[in-house]
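Student: Starting off with a structure, shown below.
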Amino acid sequence: MKLVLFGPPGAGKGTQARRIQEEYGVVQLSTGDMLRAAVKSGSAIGQEADRVMKAGQLMPDSMMIEMIAERILQPDCAKGFILDGFPRTVKQAEALDEMLERLGKSLDCVIEMQVDDVELIERISGRFSCAGCGAGYHDHFKPTRDIDICDECGSGEFTRRLDDTAESVRARLKVFRDQTAPVLPYYEAKKILYRIDGMADIDEVTRRIKNILLATANLS
């Protein structure tokens, strides 16, 4: 199974990727995690990535593709992988396809988790968590049973991510729409793009993703 999960920040890609990983034994690949692991390993590509980042420069597409190629050849990716956060541009998508073809592989599908911007802003901007145990809550959808008291541990201290404000979410959505969404027609033309409602119940989203995987990746 080789797939890309596509959608704006907060669409739930991470949650669904973890569920797919647990059920099918594939590996969720985040470019951010791969970069940090490469730097920590001290490999040639890791040393070069460290130099580029310390210089405040963007990682060249060629380096990202090389890093992904190196990663998917590792034994734990034998059953496949889920790319989350890559590709972000048509150029990256083309380079990814060329690299996979070179390795005798190809993507089974690209799944876009479609969202309603207004609902997504409300979903993200209302999130908060317990500072003590990390339990997650929401102002409207999942408030604490007792005001200012964690249901799980009884703590009265809570935190919110600094970038979970409505203004920040709007800005992130705009970046996604302007810069990343043009990748979708590329995969649509290749007939491997599937769209699902990312605002549906989490279990329903999982069910729809599994149906797509059963149809495209020859799973049982």
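Student: Using a simple spin-label model with points 7 Å from Cα along the Cα→Cβ vector, what separation in nm is obtained for HIS138 and VAL175?
Tutor: Inter-label distance under the simple model: 2.3 nm.
Student: Only four residue types carry charge here, +1 at the Cβ of Lys and Arg and -1 at the Cβ of Asp and Glu. Report the dipole size of the chain about the Cα centre in Debye, rounded to the nearest 20. It would help to have the intermediate numbers written out before the result.
Tutor: Details: 30 positive and 35 negative charges, 105 e Å.
Computed about the Cα centre, the dipole is about 500 debye.
Student: If the cut-off is 12 Å between C-alpha atoms, which aspartates and glutamates fall inside it for LYS190, apart from same-chain ones fewer than 8 positions away?
Tutor: GLU94, ASP97, ASP108
Student: When the chain is fully extended, how far beyond the present Cα-Cα distance does LYS210 get from LYS190, taking 0.36 nm per residue of separation? Walk me through the intermediate numbers first.
Tutor: Working: separation 20, 0.36 × 20 = 7.20 nm, distance 2.06 nm.
Gain in length upon complete extension: 5.1 nm.
Student: Next up: Tell me which of ILE82, GLY56, ALA93 sits at the most positive position along the dipole axis of the chain, charges placed on C-beta atoms (Lys, Arg +1; Asp, Glu -1).
Tutor: Of ILE82, GLY56, ALA93, it is ALA93.
Student: Between (i) 118; (ii) 152; (iii) 140, which matches volume of the Cα convex hull per residue in Å³ calculated for the structure shown?
Tutor: Only one option fits the structure, namely (ii).
Student: A further question follows. If you restrict to DSSP beta bridges whose two residues both lie in the chain, what percentage is antiparallel, to the nearest 5? Could the numbers behind the result be given before it?
Tutor: Details: 7 of 24 bridges.
Taking every DSSP beta bridge with both residues in the chain, the antiparallel ones total about 30 percent.
Student: Have a look at GLY136, ILE111, GLY126 and report the one farthest towards the positive end of the charge dipole of segment 87-136, computed about the Cα centre with Cβ charges (Lys/Arg +1, Asp/Glu -1).
Tutor: About the Cα centre, the residue reaching furthest to the positive side is GLY136.
Student: Which of the cysteines in the chain are isolated, no other cysteine C-beta under 4.7 Å?
Tutor: CYS77, CYS109
Bear in mind these aren't lab numbers, they're just calculated from the coordinates by the rules spelled out. The model shown is predicted, which means the values in this text are computed figures rather than measured ones. Methodologically, a virtual Cβ is constructed for each residue, glycine included, from the backbone with ideal geometry; neighbour enumeration extends over all protein chains shown.
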